[in-house]
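Notes follow the structure.
The values are calculated or read from the model by the stated rules, or taken from the named source; none is laboratory data. It should be emphasised that the depicted structure is a prediction, and the values quoted were computed from it without experimental measurement. As a convention, Cβ positions derive from the backbone with ideal geometry for all residues, glycine included, and neighbour counts pool all protein chains shown.
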Amino acid sequence: MRQVPCTTESPALIPSTREGERQNDTIHMMNKNTVLAWATFIMIIVGCALIAMGAFRYDDVAGWGFASVGIGFFAIAWVFNALKGRV
C-alpha cells in the first residue's frame, strides 16, 4: 500500500492494485501455444527459403539436397502445428 497525501491531517492509505490483479507494467510471457505458433511460422519461412535455394540457386545435385531439407522443415512445422493445444 502506498501513501497518498490528503487534504486532511492524516494521510490516506490507498492500495496500489486490487487483490489478485496484476499491474500493467508486468511483462506478459508467451504461453506454449504461442511459442509453437511462432516456431511453426519460422520453420515455414526457412523451409520456403531452402526450397527456393534448391530450385533457383543450385543447378546440380546440391539443389536436390536443399529442396529435400526444405520439405523436412515443412514436416517438422506440421508436427509443431499439430502439437498446439496438446502440450
If a residue must be over 30 Å from Met30 (Cβ atoms) and among the charged types (D, E, K, R), how many such residues does segment 40-87 contain? 3
Residues in segment 46-63 that are assigned to a helix (DSSP H, G or I) and surrounded by 12 or more Cβ atoms within 10 Å (Cβ to Cβ): how many? 12
Inspect all residues belonging to segment 40-49 and state whether any of them is more than 30 Å from Gly85 (Cβ to Cβ), at pLDDT 90 or above and either within 15 Å of the chain's Cα centre (by Cα) or not β-branched (Val, Ile, Thr) (or both). no
